[in-house]
1. Looking only at the range B:120-135, which residues are facing another protein chain (nearest Cβ under 7 Å) and surrounded by 23 or more Cβ atoms within 10 Å (Cβ to Cβ)?
2. So, of the residues in the range B:81-112 that are closer than 30 Å to A:Leu169 by Cβ and either in contact with a Phe, Trp or Tyr (Cβ under 8 Å, 6 or more places away or on another chain) or of a type in the set (Lys, Arg) (or both), which turns out to be farthest from the other protein chains (Cβ to nearest Cβ)?
3. Please enumerate the residues belonging to the range A:292-326 that are assigned to a helix (DSSP H, G or I), of a type outside the set (D, E, K, R) and at pLDDT 85 or above.
4. Helices (runs of 4 or more DSSP H) wholly in the range A:105-210 with at least 1 residues that are within 12 Å of another protein chain (Cβ to nearest Cβ), in contact with a strand residue (DSSP E or B) (Cβ under 8 Å, 6 or more places away or on another chain) and among the aliphatic types (A, V, I, L, M) - which ones?
5. Being touching a Pro at 6+ places or on another chain (Cβ under 9 Å) and either part of a helix (DSSP H, G or I) or modelled with pLDDT of 95 or more (or both) is the requirement here; does B:Gln142 meet it?
6. Let me spell it out: the conditions are (1) in a helix (DSSP H, G or I); (2) away from every other protein chain (no Cβ under 14 Å); (3) touching a residue at least 24 places away in the same chain (Cβ under 8 Å); (4) of a type outside the set (Gly, Ala, Ser), and B:Ile78 meets all of them except one. Which number is the exception?
7. Which numbered condition in (1) touching a Leu at 6+ places or on another chain (Cβ under 7 Å); (2) under 23 Å from B:Leu33 (Cβ atoms) is the only one that B:Ser177 fails?
8. Only one residue in A:Gly82, A:Gly75 is within 13 Å of chain B (Cβ to nearest Cβ), in contact (Cβ under 8 Å) with a residue 12 or more places away in the chain, at positive phi and not in a helix (DSSP H, G or I). Which one?
Amino acid sequence: MSTTAQPGAADGAAQQKPPAAPPAPLPLVELQDLSVRFGNRDILCGLTASLRGRAIGLLGPNGAGKSTLINTLLGFYPPHSGSARVFGYDIRTDTKKLRGLIGYMPENDAFISKMSAVSLVQMMAELSGLPTGVALERAHEALFYVGLAEARYRQVGTYSLGMKQLVKLAQAIVHGPKLLILDEPTNGLDPSARQRMIGMIHEMRDSGEVRIVLCSHLLRDVEDTCDEVMILKQGRIVHYSDLNEERRSNRRFLEVEFYGANGDFSEAIEKLGCECALRSNRLKIILPDGVESRDIFRLAAERDVRIRKLNFRRDTLEDIFLKAMES
Amino acid sequence: MAVYRRTYSSYTGALTPAWSRWFVLFRYARRNLFRSKFLTAFFVACFFYPVLCLAAIYLAHNLAFLEQIGAPSGLLVIDNKFFFYFMNVQGWLAFVLTAFAGPGLISGDLANGALPLYFCRPFSRSEYVLGKASVLGILLSQITWVPGIILFVIQATLAGPSWAWDHLWIAGSLIVSSLIWISILSLLAMALSAWVKWRIVAGALLLAMLFFGAGFAQAINAVLRIDSGHFVNIAYLMTTIWNSLFQIDAERAIPAVEAAIALLVYCGISLGLLMRKVRAYEVIR
């Protein structure tokens, strides 16, 4: 949403001061040449980035270094070189202060099997510094919020995989953190549970009280919830994009699947003034003003090209991801 | 039924002091421990011998009653040997209690990957170990030096200030010998449970370490014709130190100082093993 004053606006309005631009949010995560090494293996190599979004997605194939980056930000792994700051706190020197601001939902199983969900979440709240009474109250609230109200007195060891995911989320939010780090939050969830999890992430993000770092290899999860995305590959940043900006600027294009064409067909389309990209028997065409799909059909008919499929699309996160992986 | 808010809300209230957080772990671990009826019953049974000792002290100061039953006058003497035997009995009970209670303290967290949940908070690994060790520390103190000191105070009250002054060193011996035993037992139990991550196996290993350790030490001594084999026998090392602290004349194969150094090394190794395993995530290099 733009707030820029338009030239030629009414005189009265022109004399008014333009509304002040909202202050740019503080960088949530700042990475400066951050490298992490286990033994002789470089896991993260010289990452430099400044992430400011309300919800930041970390994407990448398995082994790209997403979880290592999260664990480094939490102070679990020491950086080999470079530095990282979260909310301006250095991860090496201000670890305790930083951890007080963070809620973390780990990827793998993490629970105490002999404890009830209420006790577990209350204990985690108390370890974060909440007084006993408040911790108990917030533990109930968190479990109600994630949808485990009925099962909250059961031992966590008896829970299904989906319920264990919800307990992990409850313990991550119980102390009201400023930053929520979610590592593969929809792992093992059925479609409806996944939908509910995504809904909760949306709601927390939109509340403005917490910022989110979501690490996933499921593109849809990131696309549904994040406004900024960083793609990692083999410990390096291969792409960074502001999804909101991307959505705004992303032009609609025509995707055409065809048979029996040669280079002549794409050349003819380019002569119409279209931007064109050919991959095997698929063409991506950005139509300029004045050119319509019927012109494409006409060119195809003239060259005896059979069009199998034609539809309008926008670049999805999957396209961005695949492009980043190819690079 | 309370109606709970179903929205996300941040917390802006007061926080507890950071130094007190390890106590949270102590409270929860202790509560979990006493859910076991067997452990609770055993813990209560550990007070049987101190009560017996209390009766003995009472009888020792009731000469009229002893004369009535025709007991010889020197039958009940409350001295360093009396407290040495007390320490031996309670020390072994402490060992059995540790074998039951100790391994479950950490193995559950490790087996279910709960450590990242602790360490993603403003809570350090040392605080975690302190919180868990304090459960055993306080539990074992309750059956060793605390009743020992109570018995000493009662004896001192009945025998008079001169006895108390002459035997004050016994109180010190009770505390020091208990604390050494508690430290070695707690660290061993936690280190073993951290490495095997299975409560029952860790308990069995702890028992085996003491019982097989004695046999192994004897075998080494017999085959190699040396006395150094005793260094692998933790119970022998501890008894040597107790003998020295309670001034008991007994032939020991190794000096008390060397036994103390050996136990210190065991404590260091256990702590090292423990700190190696108690991490949010294990790095595979």
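The values are calculated or read from the model by the stated rules, or taken from the named source; none is laboratory data. Just so it is clear, the model here is predicted, and its values are computed rather than measured. Please note: Cβ atoms are built from the backbone with ideal geometry, for glycine as well, and neighbour counts cover all protein chains shown.
1. Passing the criteria: B:Cys120, B:Arg121, B:Phe123.
2. In this case the residue turns out to be B:Ser107.
3. A:Ile296, A:Phe297, A:Leu299, A:Ala300, A:Ala301
4. A:161-173, A:191-207
5. So B:Gln142 does not fit the description; no.
6. (1) is the only condition that B:Ile78 fails.
7. Among (1) touching a Leu at 6+ places or on another chain (Cβ under 7 Å); (2) under 23 Å from B:Leu33 (Cβ atoms), the lone unmet condition for B:Ser177 is (2).
8. One residue alone meets the criteria, A:Gly75.
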